[in-house]
Amino acid sequence: MAQVIEIAEFKMNGNPSDAEVVSAIVASTVFARDQDGFISRTSTKKSDGLWVEIILWKDQKSQDAAGAKFMADKRNANLMGMLDGSSFKMSTYEVKLTS
């Protein structure tokens, strides 16, 4: 099975500092690291306030399994509480080439 890249885009409610958002992402990454098939997570922010995360998974099965558990895990609660749900977009892509 091919590796999968998950790309999530979102804005935050209110005006949390970057440090507050990064702290919430770090807690959420602890959850991700505990999931089978998790490889890496990169979080970025554009100047317009849009956060973009790139998460690499071993395969689609791993990404699906983690996604099914995400909302129920308390380590994700702070991040989800900050996130503007109406801005959230997520896509997954099968990796064809890494160089």
- Note on the structure: Residues whose modelled amide H sits under 5 Å from the amide H of residue 38, counting only those 5 or more places away in sequence or on another chain, are 58
- Message: I'd like the orientation of helix 18-33 relative to the chain: the angle between its Cα long axis and the longest Cα principal axis, in ° from 0 to 90, rounded to 10.
- Response: 30 degrees
- Item | Cα centroid separation - region 33-48 against region 1-18, whole Å | 8 Å
- Where in region 36-99 are there trypsin sites (Lys or Arg not before Pro) that are in a DSSP coil and have at most 13 other Cβ atoms within 10 angstrom of their Cβ? 46, 96
- Evaluate the charge dipole of the chain about its Cα centre and quote only its size in Debye, nearest 20, assuming +1 on the Cβ of each Lys and Arg and -1 on the Cβ of each Asp and Glu. 80 debye
- Task: May I ask for the angle, rounded to the nearest 10°, between helix 60-70 and the longest principal axis of the chain, with both axes built from Cα atoms and the value confined to 0 to 90°?
- Result: 30 degrees
- Note on the structure: Out of 32, 79, 50 - ranked by how far each Cα lies towards the positive end of the dipole of region 18-87, with unit charges on the beta-carbon of charged residues - the top one is 32
- At a 1.4 Å probe, what is the % contribution of carbon and sulfur to the accessible area of the chain? 53 percent
- What number, rounded to the nearest 500 deg cm²/dmol, is the helix-based mean residue ellipticity at 222 nm of the chain, given -39500 (n - 2.57) per DSSP H run of at least four residues and division by all its residues? -10000 deg cm²/dmol
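The values are calculated or read from the model by the stated rules, or taken from the named source; none is laboratory data. Computed from a prediction, not measured in an experiment: that's the story for all the values here. Positions of Cβ are backbone-derived with ideal geometry, glycine not excepted, and every protein chain shown enters the neighbour counts. For accessibility, only protein heavy atoms count, side chains too; no ligands or nucleic acids. Shrake-Rupley method; radii C 1.70, N 1.55, O 1.52, S 1.80 Å.
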